[in-house]
Amino acid sequence: MVVSLDLVVVIWSVILFVLAFYFAVGRLGKVSTGKGTKFDAFSGGEELPPERGKYHSELFVYAALFVAFEVVGLLLASSIAARGLLWPLLFTLAGGFSLFVLMVWFVGTGGAELA
């Protein structure tokens, strides 16, 4: 089986774009490191309430999973009408990678446990 150059370019383009977007957006977040009053949260002279811990919302997790599977399913279904195997294969690979990342996030949030 011969893999066309277009397929390789498209797959690598998707992977590089996702990684570039991930790192670019990651740099936008505020990172505060250090100790002392300069790095404390501003409370206007009031006592800060104790931290509550991790917030769990099972409804949001299942809604996010549903939307992700729905989008990948619709993309795959619409790509089948395209000529050739490039688009179905591309959407299968990109969608599968996206769902894998989403499932890792799902397990990381405590939505499921690995047996």
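The values are calculated or read from the model by the stated rules, or taken from the named source; none is laboratory data. Note that the structure is a prediction, hence the values are computed from the model and not measured. As a convention, Cβ positions derive from the backbone with ideal geometry for all residues, glycine included, and neighbour counts pool all protein chains shown.
Here are the numbers:
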{"item": "The listed residue being at pLDDT 75 or above and closer than 15 Å to residue 103 by Cα, out of 58, 70", "result": "70"}
{"item": "Pair list, Cβ under 8 Å, 6 or more apart: the stretch 100-111 residue farther than 12 Å from residue 65 by Cα and at pLDDT below 75, other residue part of a helix (DSSP H, G or I) and not charged (D, E, K, R)", "result": "109/61"}
